[in-house]
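As structure tokens, the structure follows; a few thoughts come after it.
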């Protein structure tokens, strides 16, 4: 039997850190940029991938659209 996740503890120990907030903001900005360009839509099952894996580099040449399976499989 698996234990329930403690989301409050997870947030406090990882997601609330300033560095992680900047990375998340970069990923969100890339998504908004591609939505504005008409490349992705909310709920379409696509991810915006950073080719160089740097979420703060949101240059159009560094962004590409991938399926969730491709993008999340590549990042392991």
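The values are calculated or read from the model by the stated rules, or taken from the named source; none is laboratory data. Only a predicted model underlies this, so the values are computations on that prediction, with no experimental measurement involved. Please note: Cβ atoms are built from the backbone with ideal geometry, for glycine as well, and neighbour counts cover all protein chains shown.
Comparison of 8, 59 shows that the only residue that is more than 12 Å from the chain's Cα centre (by Cα), without any contact (Cβ under 8 Å) to a residue 60 or more places away in the chain and loosely packed, with under 11 Cβ neighbours inside 10 Å is 8.
Conditions (1) surrounded by 12 or more Cβ atoms within 10 Å (Cβ to Cβ); (2) modelled with pLDDT of 95 or more, marked per residue:
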position: 17; (1), (2): yes, yes
position: 27; (1), (2): yes, yes
position: 36; (1), (2): no, yes
position: 64; (1), (2): yes, yes
position: 76; (1), (2): no, no
